[in-house]
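Below: the structure, in structure tokens.
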Amino acid sequence: MALPVLHHAWKSSASRRVRLCLAEKGVRFESVLVDLTRGEHHTPEYLKKNPLGVIPLLVLEDGRALFESGTICEYLDETIPDPPLRPEGAYDRATMRNWIRHVDGLIGNLIIFNWKHSIAKVASQWSDAELAEKLRSIPSKERQEAWLRAARKPYTEDEQAEARRKLVALLDRMEEMLGSGGGWLIGGRYSIADIAVVPFVKRIEEEIAPDEVSQAKHPRVHDWWQRLQARPAFKVARIESFYD
Ligand SMILES: N[C@@H](CCC(=O)N[C@@H](CS)C(=O)NCC(=O)O)C(=O)O
């Protein structure tokens with residue numbers, strides 16, 4: 001039988017979420033790696049399947065396509081209920097969706113740190129003509145700007161400090177949510193609410209503000225992070241270092 005096909009990249013935050021979800025569910029999938037620096041997510045064929053021109057994209061066994069990592073994770077949880085990855089009850093599920101939306105809104109702050117590794121290195125080598133052609137194929141204004149910045153205008157120290165501040169505020173918010181006692185962010189069990197934030201915490205701990213994920217600064221987040229990384233799915237999903 002055909003397997004679902006995941007179009008993704010190992011270091012892409014949104015792809016990491018979907019891989020975590022697939023790993024928790026024990027789903028086998030075919031892996032198609034997308035090279036963002038080659039614009040493989042901006043080709044007409046790709047845009048037909050995901051008009052947003054981003055990864056991940058999950059093509060189901062029957063050929064239908066799904067995009068948006070939070071949506072894909074919810075779909076997987078609805079169609080493969082075991083183990084459950086959404087909290088019980090309509091209110092907690094609604095809260096989970098708002099949380100994912102909140103975290104999604106912070107992605108621009110993560111990009112500032114993530115793209116300086118490989119993406120900016122490649123993009124800064126493009127000629128003006130090459131850059132102009134790449135920008136034309138990008139469907140959203142916001143991402144056009146992100147690529148332009150990567151290619152020509154590195155983020156300033158002030159912009160990086162502001163992005164770091166917003167990402168640390170995410171840890172503050174998590175610390176508060178974890179204070180309600182259940183050990184996980186929403187509804188007392190591990191869920192897509194936790195998965196949504198894993199790629200952020202991984203990068204905050206690795207490079208952006210390592211001492212903030214400490215027992216001293218955010219003790220509940222620190223404990224949550226230890227338990228999260230100990231889950232077998234974390235290894236299977238290959239949430240690995242940006243420096244490798
Ligand atoms: N809200 C989307 C965000 C997807 C997204 O931003 N993906 C990034 C990688 S983490 C991407 O494709 N970036 C390439 C680009 O913007 O051109 C989701 O959760 O799936």
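The values are calculated or read from the model by the stated rules, or taken from the named source; none is laboratory data. All figures in this text were calculated on a predicted structure; none of them were measured in a lab. Reconstructed Cβ throughout: ideal geometry from the backbone, glycine too, with neighbour counts over all protein chains shown. For the accessible areas, the whole protein counts, side chains as well, though only heavy atoms, and no ligand, DNA or RNA atoms are used. Shrake-Rupley method; radii C 1.70, N 1.55, O 1.52, S 1.80 Å.
Highest average first, the peptides 189-198, 28-37, 169-178 ordered by how many other beta carbon atoms sit within 10 Å of their residues are 189-198, 169-178, 28-37. Sorted from longest to shortest, the spans of the Cα atoms of the stretch 5-79 along the three principal axes equal 31, 25, 19 Å. Taking all Cα pairs closer than 8 Å and separated by 6 or more residues, the relative contact order of the stretch 5-79 comes to 37 percent.
If R0 is 22 Å, the Cβ-Cβ spacing of GLN144 and THR37 corresponds to a FRET efficiency of close to 0.90. Placing a label point 7 Å from the Cα of GLU157 along the Cα-to-Cβ direction, the residues of the stretch 98-136 with a backbone N closer than 18 Å are 113. Measuring nothing but how far apart in sequence close Cα pairs (under 8 Å, 6+ apart) lie, relative to its length, the chain scores a relative contact order of 24 percent. Element breakdown for the stretch 1-57 at a 1.4 angstrom probe: carbon and sulfur atoms account for 59% of the accessible area. Put simply, the C-alpha atoms of the chain give a gyration tensor, and the ellipsoid matching it has half-axes of 29, 24, 15 Å, longest first. Of LYS121/LYS235; LYS11/LYS153; LYS25/LYS235; LYS202/LYS235; LYS11/LYS49, which pairs sit farther than 18 Å apart, going by alpha carbon to alpha carbon? The answer is LYS121/LYS235; LYS11/LYS153; LYS11/LYS49.
Given the DSSP H assignment, sum -39500 (n - 2.57) over each helix run of at least 4 residues in the chain and divide by its residue total; what's the result at 222 nm in deg cm²/dmol, nearest 500? Mind dumping the intermediate values first?
On the way: 12 runs with 129 residues, N = 244.
After summing the helix terms and dividing by residue count, I get -16000 deg cm²/dmol.
Diffusion of the stretch 49-118 by Stokes-Einstein, at 10 °C in a medium of 1.306 mPa s and with Rh set to the Kirkwood radius over alpha-carbon pairs, works out to 113 µm²/s.
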